[in-house]
Amino acid sequence: MEFFQYILFVAVIISPICATEKNETNPFTGNLVNDTDKIDPYNSTRWTFTQSEALVQFLWDDMDGNAETKYVPDYSPAVIGLPFDFNLFGQNIRKVEVMREGGIRSADPEPWWVAVPLKVGEFGLTPCQIKFLFKGASLSIQWQYRPQESCNTGNSDDELSYQLKIHANGSIDFVYKQIPFGNLKDFQVQFPDVGSKFGVSYQYKVPASFDTFTLGLQLNVNETDIKDNTVVSVRPQPQCTTFRSLTSCMVGAKNANISCAWCSKAEICSSKRDFLREVWMENGCNCPDPRSSKPENYAWTSGTSITFIIIAITLTVLMIVSLIAHYYINKGYLFELPPN
């Protein structure tokens, strides 16, 4: 009787590992006029908007007169090889394609991604030569545009200048140093050839499936208040979906202190609360039916779950040993003194 009570106790401990978790989402609502911090709909990136001259001076890389500054050729393919791994949503990127109208994108067909601080057409604006600079495990790219004016002259009050910075850890910074006409909205009114959207997008493809999810955000210029000395920082959020194998799912979850599970059938790592929730359910990756004899296709990999399992196994072994010892003591088989 005591043994069955213990088994019930262990079941209560282990049950949270496979309990159905509440579906939590972070919907993107509102605009960016008054808000300075946002999370995208899939909870994959956090966006921070800061107006600070000191921060811009800290992040801005002065490329004029720097011997290490490189230039993007005017007509040849603008592909830059990276001396570091740019970890973008779990994928290590080693080369990027520079867009002359502003921004970078994937140099390879897969994975598809794009990061655009601002797209600027050439109608009414003179594009200056694109510069870039490596600094540690980061890359800075600079775009400059002038209205009907040569780039060879000195500094111009009408110059639009911004830099894009990518870091090895997947962080991205849009650094807007100088915005003519007060802000981007008014600048776009003066030059309609300026793009209406900017942001970061990444196409996540579910393995062995045609399902895709577009992570990140594309923002409207007219819904923002980007002025001189504004920084838009895009930081990756810790997510199970960035892990692409059972081993990385297990180790990554433990290091990031998040609860993840691996589904071998769908080849995905998920928290069951992220954007792969439906994929998880459709592939039967949810907790098993105790009446089923089929082999399981899931593995819980969070540090908390592993700790529960180890504790449960240890307690089970100790209880069995205790029951065996209790049985033999009652029978008088243990500690029986030899006859004189």
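No lab work stands behind these numbers, since they all come straight from the coordinates. What you see is a predicted model, and the numbers here were worked out from it, not measured in a lab. Cβ sites come from the backbone with ideal geometry, for glycine too, and all protein chains shown count toward neighbours.
If the chain linking Ala208 and Trp112 were pulled fully straight, counting 0.36 nm for each residue of separation and taking away their Cα-Cα distance, it would gain 32.9 nm.
Look at Leu246, Leu125 and count the other Cβ atoms within 10 Å of each Cβ; fewest to most, that gives Leu246, Leu125. Summarising the overall dimensions of the stretch 146-291 from its C-alpha atoms, the Rg and Dmax are 21.7, 79 angstrom. Its alpha carbons considered, the stretch 37-237 gives a radius of gyration followed by a Dmax of 16.5, 55 Å.
The magnitude of the dipole of the stretch 37-237, with charges of +1 and -1 set on the Cβ of Lys/Arg and Asp/Glu and taken from the Cα centre, is near 540 debye. When each of the peptides 103-116, 161-174 is scored by the mean number of other C-beta atoms lying within 10 Å of its residues, the order from highest to lowest reads 161-174, 103-116.
Of the residues Phe84, Val206, Val72, the one whose Cα sits farthest towards the positive end of the charge dipole of the stretch 37-237 is Val206 (charges of +1 on Lys and Arg Cβ, -1 on Asp and Glu Cβ, taken about the Cα centre). Other residues with beta-carbon under 15 Å from the beta-carbon of Ala168 carry, at +1 per Lys or Arg and -1 per Asp or Glu, a net charge of +3. Among 185-194, 318-327, the peptide with the highest mean count of other Cβ atoms within 10 Å heads the list, and the full ranking is 185-194, 318-327. Between Ser52 and Thr316, the FRET efficiency estimated from the beta carbon spacing at R0 = 56 angstrom works out to 0.45.
Measuring between alpha carbons in the structure, the pairs from Lys131/Lys227; Lys131/Lys177; Lys70/Lys177; Lys177/Lys205; Lys38/Lys165; Lys95/Lys205 lying more than 26 angstrom apart are Lys177/Lys205. Ordering 265-272, 211-218 by mean Cβ neighbour count within 10 Å, with the highest value first, yields 265-272, 211-218.
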